[in-house]
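We did not get these values from a lab; they are worked out from the coordinates using the rules stated. Since we're looking at a predicted model, the values are computed, not measured. Cβ sites come from the backbone with ideal geometry, for glycine too, and all protein chains shown count toward neighbours.
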Protein chains: 2
Amino acid sequence: MSKKSSDSKIIYVGRKPPMDYVLAIVTAFSGAEIKEATVKARGRSITTAVDAVEITRRKFVKEMIVDTVVIGTEEMPPREGESNSRNISTIEITLKRS
Amino acid sequence: MSKKSSDSKIIYVGRKPPMDYVLAIVTAFSGAEIKEATVKARGRSITTAVDAVEITRRKFVKEMIVDTVVIGTEEMPPREGESNSRNISTIEITLKRS
């Protein structure tokens, strides 16, 4: 995902409530030049990412469509006091204007 | 999703640990006639579904690929004592042999 030009935007979803990310997605699509946005999340935040996209699509940006959804795995460094690296699931949801 | 013939299988992911669903997916793909399986989850179980698919794909069924991932929203009846129906996010991950 090297595409970071002005017509694309990446929104990283973490542990805040879904509405925080809804606002981020709505803001991304409020710029007329934005044709695409990608919502990324890891681990437990995956559900929040799906919630945020669904709330935005249904209630706020009706012309937005889900283009692709890609799931994957990322290797994370070990937690303090642990020796093994951890694998964590990821999701990337690419959104476009319909 | 009306396809329920013998060459397809649906796995519903709930609140058990991911390995329970890994076992279900591995079992589904152990039948030679199975060409496709769909993993479905709602709400907080979405992360478990992604985890189960990723663990299966990386460690157990290397020839398995993610064909499509579809996210959506389902309307659920109100909880007891509440008057409004709730919207819950859903995911459907369709898996195939590569």
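Annotation: peptides B:35-46, B:20-31, ranked by per-residue average of other Cβ atoms within 10 Å with the highest first, follow the order B:35-46, B:20-31.
Using +1 on the beta carbon of Lys and Arg, -1 on that of Asp and Glu, and nothing else charged, what's the dipole of chain B about the Cα centre, debye to 20?
So the dipole magnitude of chain B works out to roughly 240 debye.
Lysine pair count for chain B (Cα-Cα distance under 17 Å; residues 8 or more apart in sequence or on different chains): 15. Take B:Lys16, push a point 7 Å out from Cα through the beta-carbon direction, and compare it with the same point in every other copy: 3.7 nm, smallest first. Taken as Cα centroids, the range B:38-98 and the range A:53-98 sit 13 Å apart, rounded to the nearest whole angstrom. Entry note, chain B: the mean residue ellipticity at 222 nm calculated from DSSP H runs of n ≥ 4, each adding -39500 (n - 2.57), is -7500 deg cm²/dmol after division by the residues and rounding to the nearest 500. Residue of chain A with the Cβ closest to the rotation axis carrying A onto B, and that distance rounded to whole Å: A:Val69, 2.
Helix B:18-30 axis versus longest C-alpha principal axis of chain B: approximately 50°, rounded to the nearest ten.
Rounded, prolate or oblate, given the Cα gyration tensor of the range A:8-97, with a/c below 1.5 counting as rounded? Walk me through the numbers before you get to the answer.
On the way: a/c = 2.65, a/b = 2.22, b/c = 1.20.
Prolate, because a/c is 1.5 or more and a/b exceeds b/c.
Counting only Cβ charges, +1 for Lys and Arg and -1 for Asp and Glu, the dipole size of the protein assembly as shown around its Cα centre is about 20 debye.
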